[in-house]
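A.B. asks: Before I ask anything, here is the structure I am working with.
The values are calculated or read from the model by the stated rules, or taken from the named source; none is laboratory data. Keep in mind it's a predicted model, so treat the numbers as computed, not measured. Note that we place each Cβ from the backbone using ideal geometry, even for glycine, and neighbour counts take in every protein chain shown. The accessibility values were calculated without ligands, DNA or RNA, using every heavy atom of the protein model including side chains. Shrake-Rupley method; radii C 1.70, N 1.55, O 1.52, S 1.80 Å.
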Amino acid sequence: MRIPAWTEDELVLAGALVVKNGWRELRTHHREVQELSELLRSLPIHSPDELALPGFRSPDSVSRKTTDFMTNHRLYAGTATRCGKPTLLMIEAFTEREAEMLQAAAALEEGIASGELHRLARQPDEVDENGATAIEGRLLVRRALARERDPKLRLLKIKQAQRAGKPLQCEVCGFDFARAYGDLGEGYIEVHHVTPLYVSGTRETKLDDLACVCANCHRMCHRSRPGESWRTPDALREQIRKSADAVGH
């Protein structure tokens with residue numbers, strides 16, 4: 001068995017280490033590298049057999065990954081080391097959205113330290129049909145999906161909408177389950193986080209953090225593609241508008 005490729009969660013944590021070090025690599029003897037090695041070996045992502053492999057996320061391997069981040073950054077003047085596309089995408093994410101990605105790393109560290117991320121069950125949609133996961137990391141997606149599927153939270157969000165006198169319809173496309181399916185669809189809607197994953201991961205979910213969405217829009221809100229993952233209902237609504245404009249022209 002070969003040592004598995006680095007996941008987005010691991011790359012988020014390694015990237016944050018490099019960014020905090022001024023986009024410079026860290027050597028094996030650095031305390032931060034030793035600590036990250038131990039942290040990566042504790043993540044609830046890999047199988048016991050993978051964790052038992054010699055050299056799995058060793059300090060040497062963590063140090064080499066920090067070198068990948070440094071030498072493949074656009075401002076590095078020397079020769080770049082060879083690394084995979086996920087690392088390059090993560091470098092781009094930290095370059096374009098440094099503050100957000102550092103928050104994602106902090107949310108991961110907090111969830112790991114508290115034990116919450118270890119207790120969460122795997123969610124069906126944390127990996128999409130192409131095997132991709134969100135650039136903020138699978139564990140943050142897992143937490144967001146678990147919270148969105150909390151039946152108590154969903155029921156409270158539906159009651160909030162009903163008390164406000166709003167029709168129970170998708171806030172993105174306007175789809176109404178009751179109108180389409182009659183009494184079968186009465187009172188049904190899904191909920192999605194309005195706040196980004198790296199923010200929703202650092203505090204308890206509030207009702208105002210959620211939006212009512214149909215199943216199709218919910219899937220599109222969570223669908224991953226290279227360099228892009230989770231999106232807000234407003235962003236998806238804009239995507240629909242642009243698509244309609246393109247077809248119209």
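A.B. asks: Provide the per-residue ³J(HN,Hα) series for segment 182-190, in order, calculated from phi with Karplus coefficients 6.51, -1.76, 1.60 and θ = phi - 60°, each as a whole number of Hz, with x at glycine and proline positions.
C.D. replies: x, 5, 5, x, 4, x, 9, 6, 9
A.B. asks: Same structure again: Can you check what the net charge comes to around GLY185, using other residues whose Cβ is under 11 Å from the Cβ of GLY185 (Lys, Arg +1; Asp, Glu -1)?
C.D. replies: With Lys, Arg at +1 and Asp, Glu at -1, the neighbours total -2.
A.B. asks: Between 0 and 90 degrees, rounded to the nearest ten: what's the tilt of helix 151-163 against the longest Cα principal axis of the chain?
C.D. replies: Taking Cα atoms only, the helix is inclined about 40 degrees.
A.B. asks: So if we plug the beta-carbon distance of ASP176 and LEU155 into 1/(1 + (r/R0)^6) with R0 = 22 Å, what FRET efficiency do we get, rounded to 0.05? Mind showing how you got there, number by number?
C.D. replies: Numbers: r = 18 Å, r/R0 = 0.83.
Step by step, r from the Cβ atoms, then E = 0.75.
A.B. asks: Expressed as a rounded percentage, what relative contact order does segment 102-249 have, with Cα pairs under 8 Å and six or more residues apart?
C.D. replies: On the way: 186 pairs, mean separation 37.2, N = 148.
Over segment 102-249, the number comes to 25 percent.
A.B. asks: Now a separate question. In a Debye calculation with equal point scatterers on the alpha-carbon sites of segment 1-88 and no solvent, what is log10 I(q)/I(0) at q = 0.14, 0.19, 0.25 Å⁻¹?
C.D. replies: Here the Debye-derived log intensity ratios amount to -0.46, -0.83, -1.35.
A.B. asks: From the backbone phi of segment 12-22, what are the Karplus-calculated ³J(HN,Hα) couplings (6.51 cos²θ - 1.76 cosθ + 1.60, θ = phi - 60°) in whole Hz, Gly and Pro given as x?
C.D. replies: Values, residue by residue: 4, 5, 5, x, 4, 4, 5, 4, 5, 9, x Hz.
A.B. asks: Could you work out [θ]222 nm for the chain from helices alone, using -39500 (n - 2.57) per DSSP H run of at least four and dividing by all its residues? Round to the nearest 500 deg cm²/dmol.
C.D. replies: On the way: 13 runs with 130 residues, N = 249.
About -15500 deg cm²/dmol.
A.B. asks: Right, something else. Which order do the peptides 39-47, 11-19, 112-120 take when ranked by the mean count of other beta-carbon atoms within 10 Å per residue, highest first?
C.D. replies: Numbers: 39-47: 16.6, 11-19: 24.1, 112-120: 14.0.
The most tightly packed comes first, giving 11-19, 39-47, 112-120.
A.B. asks: Let me cross-check TYR76: its accessible surface, 1.4 Å probe, with only protein heavy atoms counted, in Å² to the nearest 10?
C.D. replies: 90 Å²
A.B. asks: How many angstrom lie between the C-alpha centres of segment 11-40 and segment 135-188?
C.D. replies: When both Cα centres are located, 39 Å separates them.
A.B. asks: Hey, another quick one. Provide the net charge surrounding ALA164, with neighbours chosen by a C-beta distance below 12 Å and charges set as Lys +1, Arg +1, Asp -1, Glu -1.
C.D. replies: Values: positive: LYS157, LYS159, ARG163, LYS166; negative: ASP208.
Net charge around ALA164: +3.
A.B. asks: About the Cα centre of segment 69-150, what is the dipole size in debye to 20, counting +1 per Lys and Arg Cβ and -1 per Asp and Glu Cβ, all else neutral?
C.D. replies: It comes to approximately 280 debye.
A.B. asks: Between LEU210 and residues 5 or more places away or on another chain, which pairs have amide H atoms under 5 Å apart, with H built 1.01 Å from N, and which residues are they?
C.D. replies: Under 5 Å from the amide H of LEU210: VAL194.
A.B. asks: Based on Cβ point charges of +1 for Lys and Arg and -1 for Asp and Glu, what charge dipole magnitude is obtained for segment 149-243 about its Cα centre, in debye rounded to the nearest 20?
C.D. replies: Once rounded to the nearest 20, the dipole reads 100 debye.
A.B. asks: Another question, if that's okay. Rounded, prolate or oblate: which fits segment 133-249, taking a ≥ b ≥ c as square roots of the Cα gyration tensor eigenvalues, rounded meaning a/c under 1.5, else prolate when a/b beats b/c?
C.D. replies: Oblate is the answer for segment 133-249, as a/c is 1.5 or above yet b/c matches or exceeds a/b.
A.B. asks: Whole number please: convex hull volume per residue of the Cα set in segment 208-249, in Å³?
C.D. replies: Cα convex hull per residue, to the nearest whole number: 85 Å³.
A.B. asks: Modelling each spin label as a point 7 Å along the Cα-to-Cβ direction, I'd like the ALA106/THR81 distance in nm, to one decimal.
C.D. replies: Result: 2.8 nm between the two label points.
A.B. asks: Place a +1 charge on the Cβ of each Lys and Arg in the chain and a -1 charge on the Cβ of each Asp and Glu, then give the dipole magnitude about the Cα centre in debye, rounded to the nearest 20.
C.D. replies: Roughly 80 debye, rounded to the nearest 20.
A.B. asks: Using mean Cβ contacts within 10 Å as the protection proxy, how do 65-75, 234-244 order, highest first?
C.D. replies: Listed from highest to lowest mean packing, they are 65-75, 234-244.
A.B. asks: Let me ask another. Give me the percent of the accessible area of segment 14-98 that comes from carbon and sulfur atoms, probe 1.4 Å, all protein chains in place.
C.D. replies: 50 percent
A.B. asks: Shifting gears a bit: For every other residue with a beta carbon closer than 10 angstrom to the beta carbon of ALA107, add +1 if it is Lys or Arg and -1 if Asp or Glu, then tell me the sum. Write out the running numbers ahead of the final one.
C.D. replies: On the way: positive: ARG143, ARG203; negative: GLU109, GLU110, GLU136.
Taking every other residue near ALA107 into account, the sum is -1.
A.B. asks: Within segment 127-155, which residues have the backbone N less than 13 Å from the label spot 7 Å out from LEU120 along Cα→beta-carbon, could you tell me?
C.D. replies: 127, 134-150
A.B. asks: For the chain, modelled as a Gaussian network with Cα springs under 10 Å, which listed residue fluctuates most, LEU89, LEU108, LEU156?
C.D. replies: Most flexible of the set in this elastic network: LEU156.
A.B. asks: To the nearest 10 degrees, how steeply does helix 98-114 sit against the main Cα axis of the chain, on a 0 to 90 scale?
C.D. replies: Around 90 degrees separate the two axes.
A.B. asks: I'd like the Kirkwood hydrodynamic radius of the chain, using the inverse of the mean 1/r over distinct C-alpha pairs, in Å.
C.D. replies: Values: mean 1/r = 0.0507 Å⁻¹.
The Cα-based Kirkwood calculation yields 19.7 Å.
A.B. asks: Relative contact order (percent) for the chain, with alpha-carbon contacts under 8 angstrom and 6 or more residues of separation?
C.D. replies: Relative contact order here is 18 percent.
A.B. asks: Still on this model: To the nearest 10 degrees, how steeply does helix 233-248 sit against the main Cα axis of the chain, on a 0 to 90 scale?
C.D. replies: 80 degrees
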